[in-house]
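Report on the following structure.
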Amino acid sequence: MPEFDVDNGLDAAPKRDVLEIGETGLFHWAMPERTDAYYVSYRADLRQGRPFLGLRGVMAIRRAMLSGQYRLIVVHPPFYAGWQPRSFLAALKFTLFRGDVRSLWGALTSPLFFELLRFIALKPLIAIDRSDSFGIPNHHFAWIDKADAYYKRELPVDHWQAFYGSGHRRLPGASFRRKPRWLKRLAKLKPIGLGLNRQQTEAANGAFGAEKTSDVFFAGGIDGNSHVRSRMPALIEALRAAGVTVDVPEGRLPLDAFMARCAKAWITLSPEGLGWDCYRHMEAAIAGSVPLVNAPTIDRYCPLEVDRHCLVYYPDEEARAVESVVAALADKERLHAMALAARAHALSNLTERAITEALLAEWAGAPADELQKRTR
């Protein structure tokens, strides 16, 4: 972790490439040796040692900007604005009600101090939303305006739909889509991947190369999940009726066991969960199995290409889904080639490390190959 001083400032820290501020993270997980991070959220339980953003931190960030200490600033705006009652009540839930009194002040105030950063020149600045939601909360609009780009994981194929119920009370119509202010905001929206962390990547790598023992593998929560997931039992039964060997474990698997079962299957069934972008797409690819995904509903980041890296099905066409799986299994050489191509693509583009290297190269001007050498 970065070497912050006792006053929650940056003066004692060595110069780094990235300053990251928010509840979730990306750079401080993927390249901690090059990143300083502040925590901003009512969720004190997810802080993982990062200092809460306070007034001293805001002032330290201002000094750092004046001295040019960082090459890239990354913010993850909170899902709830600090002034919303839900943010206040959730801060009590995750601190006071769990016996963590010491974190109460930071959980309550860090989302409010975060908004003070709007008045500091942060350049270059990118905002990132990797949540499951397809919508953009209206308190994020100021960050879209301030940032050079706003990256969103579940970005609808029609980017305008991200403003449903926030920028517009309903689906944005023609007059809304012609307004210069909203056109400028729309131009800043870009897709970003969920990304596999180091532990997931290593586990998938370790499983790669296993002998195939099943045709299709599926493991995932269904209850309380997406409607697409609710169709899984029927699809699995239809596949079995067609003579396909389907591996469906009982209960939740540990990470290594999950990766091992992926690696042993020719195809891994990977329907969307609460968001379309799903860890399983990438885990299966790196483990050496061809992901079978439902038709994308989002604008994807460095996507696994259909029929080159993955197979696709439509949830409302169960019979055709079964036919496509049976046809794919009839050509194991093609499946093997697809699995290798998917693995190479995912390792190069869809891990947290790969995503951060690409973003830093784009916004801070460092060649990606140079970053790879420096961060290994």
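The values are calculated or read from the model by the stated rules, or taken from the named source; none is laboratory data. Keep in mind the model is a prediction, meaning the values are calculated, not measured. As a convention, Cβ positions derive from the backbone with ideal geometry for all residues, glycine included, and neighbour counts pool all protein chains shown. Ligands, DNA and RNA are stripped out before the accessible areas are found, and what is left, the full protein with its side chains, is counted by its heavy atoms. Shrake-Rupley method; radii C 1.70, N 1.55, O 1.52, S 1.80 Å.
Leaving out ligands, DNA and RNA, and with a 1.4 Å probe, what % of the accessible surface on region 185-248 is carbon or sulfur?
Working: 1470 of 3000 Å².
Carbon-and-sulfur percentage of accessible area, whole number: 49.
Kindly give the semi-axes, whole Å and largest first, of the ellipsoid equivalent to region 98-195, taking each as the square root of 5 times a Cα gyration tensor eigenvalue.
Numbers: eigenvalues 152, 53, 39 Å².
One finds semi-axes of 28, 16, 14 Å for region 98-195.
In this structure LYS93 has an accessible area near 100 Å², from a 1.4 Å probe over the protein heavy atoms. This structure gives mean projected area of the Cα convex hull in nm², computed directly, and of (1) 17.7; (2) 22.6; (3) 20.1 that value is listed as (3).
For region 218-224, 3J(HN,Hα) computed residue by residue from phi via the Karplus equation (6.51, -1.76, 1.60; θ = phi - 60°) reads 9, 8, x, x, 10, 5, x Hz, glycine and proline entered as x. For the chain, the 222 nm mean residue ellipticity estimated from helices alone, with every DSSP H stretch of n ≥ 4 adding -39500 (n - 2.57) and the total spread over all residues, rounds to -11500 deg cm²/dmol. The C-alpha atoms of region 158-211 occupy a region whose extents along the principal axes are 57, 19, 17 Å, arranged from largest to smallest. Of the residues PRO111, PRO191, PRO85, the one that moves most in a GNM of the chain with alpha-carbon contacts below 10 Å is PRO85.
Here the chain is scanned for GluC sites (Glu not before Pro) in DSSP loops (not H, G, I, E, B) that have at most 15 other Cβ atoms within 10 Å, and the longest stretch holding none of them is 4-210.
Whole number please: convex hull volume per residue, Cα atoms of region 226-282, in Å³.
On the way: hull volume 5.4 nm³, N = 57.
Given the Cα convex hull of region 226-282, per-residue volume reads 96 Å³.
With a Förster radius of 35 Å, plug the Cβ-Cβ distance of GLU305 and LEU183 into 1/(1 + (r/R0)^6) and report the FRET value to the nearest 0.05. Once rounded, the FRET efficiency stands at 0.75.
Less than 5 angstrom separates the built amide H of ALA149 from those of ALA127, all sequence-distant by 5 or more or on a different chain. Placing R0 at 35 angstrom, the Cβ-Cβ distance between THR245 and SER133 gives a FRET efficiency of 0.45 after rounding to 0.05.
Which FRET efficiency value, to the nearest 0.05, is calculated for SER348 and ARG252 with the Förster distance at 35 angstrom and r the Cβ-Cβ distance? Show your work: numbers first, answer last.
Numbers: r = 30 Å, r/R0 = 0.85.
Efficiency at R0 = 35 Å is approximately 0.75.
Segment VAL157..GLN84, full-extension length gain: 23.3 nm, with 0.36 nm per residue of separation and the alpha-carbon distance subtracted. Accessible surface computed residue by residue for region 74-114, with neighbouring protein chains in place and a 1.4 Å probe, gives 55 Å² per residue.
When all alpha-carbon pairs of region 276-320 are counted, what percent fall beyond 14 Å?
Values: 477 of 990 pairs.
Value for region 276-320 (Cα pairs over 14 Å): 48 percent.
Sort region 184-328 into rounded, prolate or oblate with this rule: let a ≥ b ≥ c be the square roots of the eigenvalues of the Cα gyration tensor; rounded if a/c is under 1.5, and if a/c is not under 1.5, prolate when a/b is larger than b/c, oblate otherwise. Oblate.
Once fully extended, how much extra length lies between ASN205 and GLU323, figured as 0.36 nm per residue of separation less the alpha-carbon to alpha-carbon distance? Working shown, then result.
Details: separation 118, 0.36 × 118 = 42.48 nm, distance 3.04 nm.
Stretched out fully, the ASN205 to GLU323 stretch lengthens by 39.4 nm.
Largest mean-square fluctuation among GLY275, GLY49, GLY195, in a Gaussian network model of the chain whose springs join Cα atoms under 10 Å apart, belongs to GLY49. For the chain, the tally of Lys pairs with Cα-Cα distances below 17 Å comes to 13, considering only residues 8 or more apart or on different chains. Between amide H atoms placed 1.01 Å from N, distances below 5 Å from ALA37 occur with GLU20, all of them 5 or more places distant or on a separate chain.
Counting only heavy atoms of protein chains, what accessible area per residue, in Å², does region 206-330 have with a probe of 1.4 Å?
45
Taking 0.36 nm per residue of separation and subtracting the Cα-Cα distance, full extension of the segment from LEU104 to ASP223 would add 39.5 nm. Rg then Dmax, both in Å and based on the Cα atoms of region 49-148: 14.5, 41.
Carbon-plus-sulfur fraction of the accessible area of region 250-293, 1.4 Å probe, in percent?
On the way: 740 of 1440 Å².
Roughly 52 percent, rounded to a whole number.
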